[in-house]
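Working notes, structure below.
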Amino acid sequence: MYIIHTADLHLESSLETNLDPIKAQGRKKELISNCARLLEYAQENNVSKIIIAGDLFDDAKISTRTKNHLCDLIDSNSNIDFFYICGNHDEEFILKEKSNWPSNLYFFGNEFKTYHFDNVDITGINYQPCYDFSKLVLNPEKINIVIMHGDIDKDIKLASLKNKSIDYLALGHIHKFSMGKIDDRGVYAYSGTLEGRGYDESGEKGFVKLNVTDKVKAEFVPFALRVIHDVSLDISKFETYHEIRRNLDLKLADISENDIVSVNLVGNYSLDLVKQNEILTDVLNDRFYFARINDLSTLKINPKDYENDISLKGEFIRNVLASNLNEEDKNSVIEYGIKALLKEDFE
């Protein structure tokens, strides 16, 4: 028996915090179309069950269009059983209009509920601020898959799940894949989100595929349409924009043009370096689906070198040095002032 464990799809998320409006709208559609891709994979790989460990939606309110589309997808894959618990984002949604969903979509409530399939029991519970694990009673003679949503460091205490006859604990809430042991018998795993939505969700995204026989074997399957890459470039030794561009090209050489890139400029740069961040951003957006420059670099300057400089720069620095600011604030004001004089964008 093959089972897919996924979670945290957050359909209908607002993505304009990280993307421009046009790309954000496109990504929202891709999050939904990825569900269809997942079902195509399931059909091609003999998957008979799909677990959705919470936060299928980003909010309790979703559009009728999205709901109907999901109903059609699930209904048209009637040979696959779907098991869905509510997460902290969509915890109240399924309590409404449950009868309108396809019969092969199985729900859970606010107490542990079990569905039985030959040698496999699938048990789940909707997200709870505080779980009562004394009510989790499993048959030790069966393969037990348990579905929950929450943080194992806060909401779900692994110590409370030891010796409960759990073979696989399918978790949602953390948007990055991870796996660990519960006890000598069982393991837990976060599938992570199926698709990264923001720059804090960089790296490979996908789902967990379970091969269930007399035991459970789990493997992570990368599946994202677009991977978000978080790349840092130290510009301390560079003297020109072209050096930045050339070295960044080397850093990004193996990244697909379909992906999303966040470039962090770090290090201490000299006053003579004109970074041209706006031009660099345009270049990257021509190359990738979407890109941004996150400038974390700092200006490397010795204020005393400009004490006798007769330029506007020198006059500005001397005025700051003569102020009543402390040394740290003086250096900060000089850095931002020089950036302004160089007509660089800064926050």
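The values are calculated or read from the model by the stated rules, or taken from the named source; none is laboratory data. The shown structure was predicted, so the numbers you read here are calculated from the model rather than taken from an experiment. Heads up, the Cβs are rebuilt from the backbone with ideal geometry, glycines too, and the neighbour counts pull from every protein chain shown.
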TODO: With the condition kept exactly as written, say whether any residue in segment 19-30 is over 13 Å from Leu73 (Cβ atoms), in contact (Cβ under 8 Å) with a residue 24 or more places away in the chain, in the same structural domain as Asp55 (by TED's automatic domain parsing) and part of a loop (DSSP other than H, G, I, E, B).
DONE: yes
TODO: Give the residue that is surrounded by the most Cβ atoms within 10 Å (Cβ to Cβ), with candidates limited to residues of segment 115-133 that are touching a Leu at 6+ places or on another chain (Cβ under 8 Å) and in a strand (DSSP E or B).
DONE: Thr123
Open item on the list: Considering only segment 43-50, I want to know if a residue exists there that is surrounded by fewer than 17 Cβ atoms within 10 Å (Cβ to Cβ) and not polar (S, T, N, Q).
Closed with: yes
Task: Tabulated pairs, segment 135-164, first buried (at least 19 other Cβ atoms within 10 Å of the Cβ), second aromatic (Phe, Trp, Tyr), C-beta under 6 angstrom, 6+ apart or interchain - done: Leu136/Phe112; Ile145/Tyr168; His149/Tyr127
Task: Odd one out for Val216, checked against (1) buried (at least 17 other Cβ atoms within 10 Å of the Cβ); (2) at pLDDT below 95 - done: (2)
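I'd like to check which helices (runs of 4 or more DSSP H) are fully inside segment 234-347 and have at least 3 residues that are at pLDDT 90 or above and under 30 Å from Lys23 (Cα atoms).
On the way: elements: 241-251, 277-287, 312-321, 327-341.
In segment 234-347, 241-251, 277-287 are the helices (runs of 4 or more DSSP H) which contain 3 or more residues that are at pLDDT 90 or above and under 30 Å from Lys23 (Cα atoms).
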- [ ] Considering only segment 256-281, state which residues are surrounded by 13 or more Cβ atoms within 10 Å (Cβ to Cβ) and charged (D, E, K, R).
- [x] Asp259, Lys275
TODO: Would you mention how many residues in segment 69-105 are at pLDDT 85 or above and within 17 Å of Leu39 (Cβ to Cβ)?
DONE: 20
Open item on the list: I need every pair where a residue in segment 1-14 that is over 20 Å from Asp121 (Cβ atoms) and assigned by TED's automatic domain parsing to the domain that holds Ile122 has its Cβ under 8 Å from the Cβ of a residue that is basic (Lys, Arg) and buried (at least 21 other Cβ atoms within 10 Å of the Cβ), sequence separation at least 6 or different chains.
Closed with: His10/Arg197; Ser13/Arg197
